[in-house]
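Asker: My structure is below; once you've seen it, I'll send some questions.
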Amino acid sequence: MFLEYVWAFLIGGAFCAVGQLLIDLTKLTPARILVSYVVAGVVLGAVGVYDPLIEFAGGGATVPLTGFGNLLAKGVREAVDQHGLLGAFMGGFTAAAAGIAAAGCSRLCALRAGQR
């Protein structure tokens, strides 16, 4: 049990360390790095590498943006299997609805706090 926490910490920390190195050593903007992480999650999920990483590292692999990209891609694949072409447009929103709603709510809260 304790070892699972250690691996989650190490894998999640490695994702964060790579992001910090990209910020410090390149001229990439944070937005481009974030998009790269989401795309990396999609690609790693497509080649079948990300699901074993999730099994190994748990929250250390699902919480970062790469996990969000993998979740979006998985949702699109499942929706396309069920609904055809229409699933390509709705699958990502359905699979990641909680994350999208949380981001929207936090934005609204920030705007509301700025009015005071």
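The values are calculated or read from the model by the stated rules, or taken from the named source; none is laboratory data. Values in this document were obtained by computation on a predicted structure and should not be read as measured data. A quick note on method: Cβ atoms are made from the backbone with ideal geometry, for glycine too, and the neighbour counts reach across all protein chains shown.
Asker: Return the residue satisfying two criteria in turn: it lies in the range 58-67 and is surrounded by 21 or more Cβ atoms within 10 Å (Cβ to Cβ) and of a type outside the set (S, T, N, Q), and of such residues it is farthest from Ile11 (Cα to Cα).
Answerer: Among residues in the range 58-67 that are surrounded by 21 or more Cβ atoms within 10 Å (Cβ to Cβ) and of a type outside the set (S, T, N, Q), the one farthest from Ile11 (Cα to Cα) is Gly67.
Asker: Could you say which residue among Leu108, Leu86, Leu53, Leu25 is of a type outside the set (Phe, Trp, Tyr), free of Cβ contacts under 8 Å to residues at least 60 places away in the same chain and in contact with a Leu (Cβ under 8 Å, 6 or more places away or on another chain)?
Answerer: On inspection, the qualifying residue turns out to be Leu53.
To keep it simple, each residue is scored yes or no on (1) in a helix (DSSP H, G or I); (2) of a type in the set (Lys, Arg).
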position	(1), (2)
Arg32	yes, yes
Ser36	yes, no
Val42	yes, no
Gly48	no, no
Ile54	yes, no
Lys74	yes, yes
Arg77	yes, yes
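Asker: Still on this structure, please answer the following. Being at pLDDT below 85, surrounded by 15 or more Cβ atoms within 10 Å (Cβ to Cβ) and among the aliphatic types (A, V, I, L, M) narrows it down to one residue among Leu71, Leu53; which is it? Explain how you work it out, then say what you get.
Answerer: Working: Leu53 fails: at pLDDT below 85.
The unique qualifying residue is Leu71.
Asker: Moving to a separate point now. Applying the selection to the range 25-61, what residues are within 15 Å of Leu72 (Cα to Cα) and among the charged types (D, E, K, R)?
Answerer: Asp51, the sole residue that qualifies.
Asker: Out of the residues in the range 1-13 that are part of a helix (DSSP H, G or I) and free of Cβ contacts under 8 Å to residues at least 40 places away in the same chain, state the one that is surrounded by the fewest Cβ atoms within 10 Å (Cβ to Cβ). Walk me through how you get there before you give the answer.
Answerer: Within the range 1-13, the subset part of a helix (DSSP H, G or I) is 2-13.
Pick out the ones that are also free of Cβ contacts under 8 Å to residues at least 40 places away in the same chain and you get 2-3, 5-6.
Numbers: Phe2: 5, Leu3: 7, Tyr5: 12, Val6: 11.
Per the stated criteria, the residue is Phe2.
Asker: When Gln20 is evaluated against the numbered criteria (1) under 16 Å from the mean Cα position of the chain (by Cα); (2) over 16 Å from Ala73 (Cα atoms), which criterion, by number, is the only one it fails?
Answerer: (1)
Asker: I'd like to verify a number: residues in the range 19-41 that are surrounded by 15 or more Cβ atoms within 10 Å (Cβ to Cβ) and among the β-branched types (Val, Ile, Thr), how many?
Answerer: 2
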